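In what follows, a single structure is set out as structure tokens and then discussed.
Please treat every number below as a calculation from the coordinates, not as lab data. No experiment lies behind these values; they were computed from the predicted model shown. All Cβ positions, glycine included, derive from the backbone under ideal geometry; neighbour counts span all protein chains shown.
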Amino acid sequence: MFGLTEWKQTRFYQEVSAEGYQKGHQKGHQEGRQEGGQEKQLEIALKLLELGSSIELVAEGTGLSVEQVQQLQQQSDQSSQN
């Protein structure tokens with residue numbers, strides 16, 4: 001029977017481990033890009049609201065829902081009052 005050290009030295013273990021690492025790495029990059037894109041959408045929406053654009057126009061221009069833009073505006077209004 002294999003001990004842990006011997007098991008880690010097998011070619012099968014090394015290939016599976018490398019494949020798992022690669023998939024995890026790719027998924028992490030993909031999730032990071034998605035989160036970054038969402039953050040950028042929110043930044044743009046906030047800037048458009050500050051410039052006086054309508055909620056509907058901001059939603060259409062950024063791809064956010066009207067509800068999301070309304071929430072963003074409410075949060076912006078609350079933080080500017082503090």
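Numerical summary
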quantity	calculated
Residue (of S54, Q68, Y13) at the positive-pole extreme of the stretch 4-81, dipole from beta-carbon charges	Y13
Dipole magnitude (debye, nearest 20) for the stretch 4-81, charges at Cβ of Lys, Arg, Asp, Glu	440 debye
Listed values (i) 5.4; (ii) 9.1; (iii) 8.0, entry calculated as mean projected area of the Cα convex hull in nm²	(ii)
Rel. contact order, % - alpha carbon contacts under 8 angstrom, at least six apart, the chain	19 percent
Value at 222 nm in deg cm²/dmol, rounded to 500, when DSSP H runs of n ≥ 4 in the chain each add -39,500 (n - 2.57)	-28500 deg cm²/dmol
Point-to-point label distance, S65-E6, nm (Cα→Cβ direction, 7 Å offset)	5.7 nm
Nonlocal Lys pairs with alpha-carbon distance under 28 Å, the stretch 4-81 (8 or more apart, or different chains)	4
